[in-house]
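Each reported figure results from applying straightforward, stated rules to the coordinates on display, with no laboratory input. Since the structure is predicted, the reported quantities are computational estimates derived from the model, not experimental observations. Don't worry about glycine lacking a Cβ; one is built from the backbone with ideal geometry, like all the others, and counts go over all protein chains shown.
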Amino acid sequence: MGISRSSRHKRSASGAQRPHYRKKRRFELARPPAMTKLGAKRVHKVRTRGGNLKLRGLRLDHGNFAWTSEHIMRKARIIGVVYNASNNELVRTNTLVKSCVVQIDAHPFRQWYEAHYAVPVTKKVSKAAAPAEGEQKEKKPAEKARAKLYEQRQKDAAIEPLLETQFGAGRLYALISSRPGQSGRADGYILEGKELEFYLRRIRSGKKHQA
């Protein structure tokens, strides 16, 4: 019974020491933090009160990440931790906790985008040579319908410049929204808009202080 969650040892608001009227109880038990690291998946099961289970993520390297503006979710590889509001030591040691900012592999999202919209994510892509006028074949009805569908989709295919730059580098900034030490998963969502701008400012200012 090393770590305890009881507050009986704390003083009252006036500073008075509370009386010791009982010993520690098992329901006040606390456990050491998981300190989930980046690496090949390793998850332990922990029996909790009432016979329930917690999944203690000790090492994780993949997670399900949502691209909220496109309403999709894909499994992606976590490359590294880049920002943590509470402690820079957790960035240095690549410790995965809730609300930390990580870099993830952009490939699954690029693959979906190019299949869905039939256009490249980034503008810096060499265009395939167009067929000569004589070689153009008459499209089948199914192909015409598909072309019309893509044309309709491409009206909403715009990506914000900051996200496009990240796609060019092959890495996206994402925020972990699950609790790896409690659920054994490192799931989250891709940062976009004002939230992305905010975290980019924080990451840059952190690098300046370290330099």
Placing +1 on each Lys and Arg Cβ and -1 on each Asp and Glu Cβ in the chain, then taking the dipole about the Cα centre, the residue among VAL81, THR93, THR122 whose Cα reaches farthest towards the positive end is THR93
Residues whose modelled amide H sits under 5 Å from the amide H of SER177, counting only those 5 or more places away in sequence or on another chain, are SER99, ASP187, GLY188, TYR189
In order over the stretch 85-90: 3J(HN,Hα) from phi, Karplus 6.51/-1.76/1.60, θ = phi - 60°, whole Hz, x for each Gly or Pro, gives 5, 8, 7, 5, 5, 6
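Compute the FRET efficiency between ARG31 and THR68 as 1/(1 + (r/R0)^6), taking r as their Cβ-Cβ distance and R0 = 41 Å, and round to the nearest 0.05.
So, using R0 = 41 Å, E works out to roughly 0.80.
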To the nearest 20 debye, the chain has a Cα-centred charge dipole, built from +1 on Lys and Arg Cβ and -1 on Asp and Glu Cβ, of 2120 debye
For Cα extents along the principal axes in Å, with candidates (1) 73, 42, 37; (2) 62, 40, 40; (3) 94, 46, 32, the value calculated from the shown model is option (3)
Among GLY51, SER7, GLY39, the residue whose Cα sits farthest towards the positive end of the charge dipole of the stretch 7-72, when +1 is placed on the Cβ of each Lys and Arg and -1 on the Cβ of each Asp and Glu, is SER7
The answer for ASP61, listing residues at least 5 apart or on another chain whose modeled amide H is closer than 5 Å to its amide H, is GLY39, LYS41
From the Cα centre of the stretch 91-108 to that of the stretch 161-211, the distance in Å is 7 Å
Taking 0.36 nm per residue of separation between LEU58 and HIS107 and subtracting their Cα-Cα distance, the length gained on full extension comes to 15.1 nm
Length-normalised contact order of the chain, Cα under 8 Å, at least 6 apart, in percent, tallies to 22 percent
GNM on the chain, Cα springs under 10 Å; top mean-square fluctuation among GLY184, GLY50, GLY15 goes to GLY15
From DSSP H assignment alone, runs of 4+ in the chain each adding -39500 (n - 2.57), the sum over residues rounded to the nearest 500 puts [θ] at 222 nm at -8000 deg cm²/dmol
Output ordering of 114-122, 185-193, 76-84 (per-residue mean of other Cβ within 10 Å, highest first) is 185-193, 76-84, 114-122
Note: LYS41 to GLU143 extended length (0.36 nm per residue) minus current alpha-carbon separation gives 32.4 nm
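On a 27 Å Cα-Cα criterion, which of the cross-link pairs LYS98/LYS155; LYS123/LYS155; LYS37/LYS207; LYS54/LYS75 come out too long?
On the way: LYS98/LYS155 36 Å; LYS123/LYS155 16 Å; LYS37/LYS207 22 Å; LYS54/LYS75 22 Å.
Beyond 27 Å: LYS98/LYS155.
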